[in-house]
């Protein structure tokens, strides 16, 4: 049994001034994270305020774009099945995403993945992950 | 200050409808309010505190207060999704203890079955800061619980058959509830052979979609003395909003790990003392994770705990959801917290169906999980005692 991942229509994310840099980087194929210069913690999704120490000058840092699947759920009772997932980046933060470009039935927790930006209908591409 | 012994649940009502194409949501709110007041032996004019959540139409609780003609001195519209009504009972007890009201009405109603034509529920809560980083990945209710179930299976070896036992137990109870949406007893095989919705959750791992509602009346000890109903005392409560914590989270744990100990400490009892438990059952996995987090078994052993009928009244060690729960009976407005309180009160009063009534049921727990295990949710635990 195999369920090849297919492209589906992806709604464009709503861009706000505080996340513009994230989406600009996404257009260039780069995944950005936020890091707090005070407590040194990384966080996701990106915010101007650190959710750990509440410092208000968090900084953008480039992620390597590699990680492992923390968990996933292949949603099947829809027109185009897809793998809703969380990936833990090598930097240590876990982000919501989809696992793409693979057989959905072969996805496993702990599998190594790499970021791949997928186009949206009328906005910047969004970070999804493919097994390496 | 503690709420222990400061308030009682005097009235309960679960709307018998499961499909209400010819009624409005405010009308259902009013019907359940009438039912609960009648059950308590009170009238609308006795109500001086009102509690409702996001299912109540209009701004805050004002539209509903006006619609029902309530004259209030206290209002609370805390929104924690399906667990809101357990939070409301706790907040009502706090308000009563502080002298802010003496008869609190809590209502829930909705018509998801009439208003939605099938499909996987995708809730858009508006311009939340997380939305741009989540909506492109198509989160729906089933996959947001599916990711917790998958991780729990990976980490602890929980199986689909163990999850199925939760549905089996609920169905054993629902066969005695003439209002339940699903009244047929199902087997583990039925559950694991039902169609996959979102891995690893199958159709029978999911709760029902139903119209309807419910209400409870919380009163002061003084008001309770004037009423004829069995005395159901609130002795402990806890609430906890759990979220993704900046990307550093454990999706196998629910907010019950914090709301539970808080409620048990306030009540001065422990899980092994509980005779009956209403556990929010949006999906089978919700029950497994909640039971672990509340301390009914060790973390990771929820699958083993629910297996072999351990949740079936008269058979297992912990009778749960004896009305059939959200999995079989009713999930009005896609919010199961209210019915969790109602069945726990029925058990404490000795008013559950004789086939599922727990003997000498003098201590019960009700727990709600609003939102989703796989993203953010509000957990609320309530412990009640028959006096």
Counting only DSSP beta bridges with both residues in chain A, what percent are antiparallel, rounded to the nearest 5? 95
Within 10 Å of the Cβ of an average residue in A:53-61, the count of other chain Cβ atoms is 0
Taking square-rooted eigenvalues a ≥ b ≥ c of the alpha carbon gyration tensor, is the stretch A:17-131 rounded, prolate or oblate, where a/c under 1.5 means rounded and, failing that, a/b exceeding b/c means prolate? prolate
Along its three principal axes, how long is the stretch B:1-95 when you only count alpha carbons? Whole Å, largest extent first please. 46, 28, 26
What 222 nm value per residue comes from the helices of chain B, counting each DSSP H run with n ≥ 4 as -39,500 (n - 2.57) and dividing by all residues, nearest 500 deg cm²/dmol? -9500 deg cm²/dmol
Using label points projected 7 Å from each Cα along Cα→Cβ, tell me how many nm separate residue A:57 and residue A:14, to one decimal. 3.0
Have a look at the DSSP beta bridges in the protein assembly as shown and tell me what percent are antiparallel, nearest 5. 85
A convex hull over the alpha carbons of the protein assembly as shown yields, per residue, a volume in Å³ of 146
Classify the stretch A:91-132 from the C-alpha gyration tensor, please: rounded if a/c falls under 1.5, else prolate or oblate depending on whether a/b exceeds b/c. oblate
From the Cα gyration tensor of the stretch B:137-248, with a ≥ b ≥ c the square roots of its eigenvalues, which class applies: rounded if a/c is under 1.5, or else prolate if a/b is larger than b/c, or else oblate? oblate
For B:197-205, B:378-386, ranked highest to lowest by mean beta-carbon neighbours within 10 Å, the order is B:378-386, B:197-205
For residue A:106 and residue B:298, extending 7 Å from Cα along the Cα-Cβ vector and measuring point to point gives, in nm, a value of 3.8
What is the average number of partner chain Cβ atoms found within 10 Å of a Cβ in A:116-125? 1
For chain B, longest principal axis from Cα atoms; helix B:84-97 axis from its Cα atoms; angle between them, nearest 10 degrees, is 30
Cβ density ranking, 10 Å radius, fewest first, applied to B:351, B:189, A:79, B:14 yields A:79, B:189, B:351, B:14
Among B:306, B:269, B:140, B:345, what is the fewest-to-most ranking by other Cβ atoms within 10 Å? B:269, B:140, B:345, B:306
Give the peptides B:71-80, B:166-175, B:97-106 in descending order of average Cβ contacts within 10 Å, highest first. B:166-175, B:97-106, B:71-80
For residue A:132 and residue B:59, FRET efficiency with R0 = 51 Å and r from the beta-carbon atoms, rounded to 0.05? 0.50
Counting only other chains, what is the mean number of Cβ atoms within 10 angstrom of the Cβ of each residue in peptide B:154-161? 1
In square nanometres, what is the average projected area of the Cα convex hull of the stretch B:149-193? 3.4
Which angle from 0 to 90°, rounded to the nearest 10, does the C-alpha axis of helix B:337-349 make with the longest principal axis of chain B? 70
By count of other Cβ within 10 Å, fewest leading, how are B:283, B:133, A:117, A:72 ordered? A:117, B:133, A:72, B:283
I'd like the orientation of helix B:256-267 relative to chain B: the angle between its Cα long axis and the longest Cα principal axis, in ° from 0 to 90, rounded to 10. 40
If you take every DSSP beta bridge fully contained in chain B, what fraction is antiparallel? Give it as a percent rounded to 5. 75
Range of Cα positions in chain B per principal axis (Å), largest first: 53, 47, 40
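Every read-out reported here was derived from the displayed coordinates using simple, explicitly stated rules and does not represent laboratory data. Just so you know, these numbers come straight off a predicted model, no measurement behind them. Note that each Cβ is placed from the backbone with ideal geometry, even for glycine, and that neighbours are counted across all protein chains shown.
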